[in-house]
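Down below is the structure, laid out as structure tokens.
Any read-out appearing in this document is the output of simple, stated calculations on the displayed coordinates, not a laboratory observation. For clarity, every value in this text was computed on a predicted model and none was experimentally measured. Here the Cβ is made from the backbone with ideal geometry for all residues, glycine too, and neighbour counts use every protein chain on show.
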Protein chains: 2
Amino acid sequence: MQDIYIHGGAMTPFGRHPGVLAPELAQQAILKALADADVPAGRIQAVYCANVLGGMILGQLIVRDLGLKGIPVYNVENACASGATGVHLARHALLAGQYDTVLVFGIEQLTALGGGTIPLQRNDHKTELYARSGMVLPAVYAMRGTRFLYERDARPADLAEVAVKNRHHGSLNPYAQQRNTTTVEEVLASRMIADPLTLLQCCPSQVDGAAALVLSTRRPAQARPVKVLSSVVVSGMREEADDDILDAEITARAARQAYVQAGLGPQDVDVVELHDAFTIAELLYYEALGLAPRGDAVALLKSGATRLGGRVPVNPSGGLLAKGHPLGATGVAQMVEILWQLQGRAGARQVAEARIGLTQCTGGGIAGVDHAASSVHLLGV
Amino acid sequence: MQDIYIHGGAMTPFGRHPGVLAPELAQQAILKALADADVPAGRIQAVYCANVLGGMILGQLIVRDLGLKGIPVYNVENACASGATGVHLARHALLAGQYDTVLVFGIEQLTALGGGTIPLQRNDHKTELYARSGMVLPAVYAMRGTRFLYERDARPADLAEVAVKNRHHGSLNPYAQQRNTTTVEEVLASRMIADPLTLLQCCPSQVDGAAALVLSTRRPAQARPVKVLSSVVVSGMREEADDDILDAEITARAARQAYVQAGLGPQDVDVVELHDAFTIAELLYYEALGLAPRGDAVALLKSGATRLGGRVPVNPSGGLLAKGHPLGATGVAQMVEILWQLQGRAGARQVAEARIGLTQCTGGGIAGVDHAASSVHLLGV
């Protein structure tokens, strides 16, 4: 199969950007990505814009002033998996030989909307009923957390350790919104959002950010070119949900397909950027991604394997918990981080000798996972 | 290149659907399309949902209850060209061999939003300034209309003839929102919206609708299988706008590429569904699509060539002017109409012996065409 290379990538710092319009933020990331890739704008043949809440025909507006007019622009939405879906669809076109070089970017400006308060659509009685009953995402993850503590004989401090790890990583990342470290005690003492999840166990949603990648079928003139080894997007569930709310089935299915596509297994992965929107999510995804056998997530965390310096550092960027989660930008930014890690460009948070990286994001499903999207990508040098 | 076939298609009637949620409307079209294609849900490998204003992760919600869970769902937005963009991206994946059979649908429920009043995003100072100054779409097209009357020595009645033709066609179409015929006098006497465009020269926006298509690389067991001969999406402008507001450059560029891709020319086209959001638009698109030489749009209209029974009937469905314009659904519905026309299934509005059909939609660009999207497809038996 045709190789797909990442020629370059960039992101804006994630955080509050008052007075900056979403297009300006996206343009910052795009211009830096083009420079990083050393690709002139005229060589970009199509643009994929990942965004959730920014409105109609946003991508065209953003590239209008960058010398990228005239070419096809596709606006893509898949909740928290929007950015990864943009890369996935770009890959289809590259594999089909429709283009040889394309731009993918993600953008979200949540502070302009009051911050992560996603307006309910009158689209679905079930979702509306569940959401009005309080089953919003923090509550959904809190129920998983409660069940996890019960089934795994774990302690709230085990959940808090995820936040401590990722905030430590984030303190080393100039692109992260939250750059101070924290302690288990501070995490547990922070304001309760949905028991057992305290404030510091939930990713910041008062955040803006953008990230961009240049993808190409041409091999770049770089010492360590990074390839997209696999790209998977799935949705919902194949079967009706069973009662096991600790089984992140959609993510496990995406991961299985991604490993098969790349001819790799979890043991081959050197660095991971995963969707830690809440601390409990990171633990569940350890198991869904095959990094730990079922039941061993806490043991993996406590072993230090997923910390910088460990066997398979998870979220060296700080993850969503430290970086913040500007929806459309997140999936693209995960891949920019892995690009930098695989090329030894990650500064103080560099993972030593990383050759294979994995990104994962799973979103949607406010009232359960039955209409969610999940994406897993494997990148490698 | 790999052939892409349309195995079946369907749409809901366009109109007001009070008390029906958007997903229910879409599901009606999808179930009818699957039945029309004689493809079981289990053979669909991916879903493309085209929508502009329906909110996050809408496609997953819509297919959740139809036995289509688990597979990838992609939500696509490109203003009025959203539906055509969904087909275009599906074609990339089919050409890449990622799937052999996929579903594309478009859905919009404008009545639930107050009808076509598109909320302004705080994304762009220029657009906001222009829009607040009154440069909304009817005004933009009114300026083109005024210029057209001046340059072409045409009369307001010439514009009105477009509405008369398309309302006549719509009167024969059970899927159209407006099913009464009209006269030049009635069109000119209807309420002025933006001089010279009266109410009956603007497409209805208080409308809901959905349309769906099944696309496959497998040749269907049908007497007259319909192929996608070309599929083009472009955006914005290659060069800065000149002062010629009668030059629909973006549409002309998409059409040129579509003809080259199919190895065909305008003279080969037997039937056209084009984006007559306003009467003046249809005349400008005659020229942009090469159906008439520059300057001859009114002559083509007056010759009767674009009326049912003429040489190249345009908008036999009634077009946007009679059918209404539920944004995400429009581009898909255009292709469903052409599918039916090419297979002799269009009932009272059937175009005789049609073998090649063209669809076109151009959207966005509230404050000018510099961030618009345009799409042209050629279908053939």
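Estimated at 0.36 nm per residue, the fully extended path between A:ASP244 and A:LYS126 surpasses their Cα-Cα distance by 40.5 nm.
Computed from the Cβ-Cβ distance with R0 of 56 Å, the FRET efficiency linking B:VAL260 to A:ARG155 stands at 0.25.
For chain A, the longest principal axis of the Cα atoms and the long axis of helix A:22-37 meet at an angle of about 70 degrees.
Packing around the peptides B:324-333, A:57-66, taken as the average count of other Cβ atoms within 10 Å per residue, puts them in this order, highest first: B:324-333, A:57-66.
If R0 is taken as 60 Å, the Cβ-Cβ distance between A:ARG191 and B:MET192 corresponds to a FRET efficiency of 0.55.
For segment B:143-155, putting each phi into the Karplus relation 6.51 cos²θ - 1.76 cosθ + 1.60 with θ = phi - 60° gives couplings of 5, 5, x, 4, 5, 4, 4, 6, 6, 9, 6, 9, 10 Hz, in residue order, rounded to whole numbers and with x for Gly and Pro.
Taking a straight line from the alpha carbon of B:LYS227, these lysines sit under 22 Å away, with near neighbours fewer than eight places off in the same chain left out: B:LYS32. A dipole drawn for chain A from +1 and -1 charges on Cβ atoms has a positive end, and of A:HIS125, A:VAL336, A:LEU284 the residue lying farthest that way is A:VAL336.
Under 30 Å of direct C-alpha separation, and excluding same-chain neighbours fewer than eight residues apart, A:LYS302 reaches these lysines: A:LYS165, A:LYS323.
Position B:ARG355: other-copy label points at 5.8 nm, ordered by increasing distance, label point 7 Å along Cα→C-beta. Let me check I've understood the local charge: for A:ALA50, count other residues with C-beta under 12 angstrom from its C-beta, Lys and Arg +1, Asp and Glu -1. What total comes out? The answer is -3.
Between B:ASP65 and A:ARG218, the distance separating the two model label sites (each 7 Å from Cα on the Cα→Cβ line) works out to 5.1 nm. Between B:LEU31 and B:ARG43, the distance separating the two model label sites (each 7 Å from Cα on the Cα→Cβ line) works out to 2.0 nm. Here the Karplus relation 6.51 cos²θ - 1.76 cosθ + 1.60, evaluated at θ = phi - 60°, turns the backbone of segment B:66-75 into coupling constants of 10, x, 10, 6, x, 7, x, 10, 10, 9 Hz, with x for every Gly and Pro. Remark on B:ASN75: its backbone amide H falls under 5 Å from those of A:GLU77, B:CYS49, a criterion applied only to residues 5 or more positions apart or on other chains, H modelled at 1.01 Å from N. For B:GLN206, place a label point 7 Å out from Cα along the Cα→Cβ vector, do the same in each other copy, and report the separations in nm, one decimal, smallest first. Here B:GLN206 shows inter-copy label distances of 4.2 nm.
So, counting K/R as plus one and D/E as minus one, what does the shell of residues with Cβ under 13 Å around A:GLN201 add up to? With Lys, Arg at +1 and Asp, Glu at -1, the net is -2.
Other residues lying with their Cβ under 13 Å from the Cβ of B:PRO138 contribute a combined charge of +1, Lys and Arg counting +1, Asp and Glu -1.
Remark: mean inter-chain Cβ contacts per residue of A:47-56 equal 4, using a 10 Å Cβ-Cβ cutoff to other protein chain atoms. Across peptide B:80-92, the average count of Cβ atoms from other chains found within 10 Å of a residue's Cβ is 3.
Label-point distances for A:ASP3 to the equivalent site in the other copies, using a point 7 angstrom along Cα→C-beta, read 3.6 nm when ranked shortest first.
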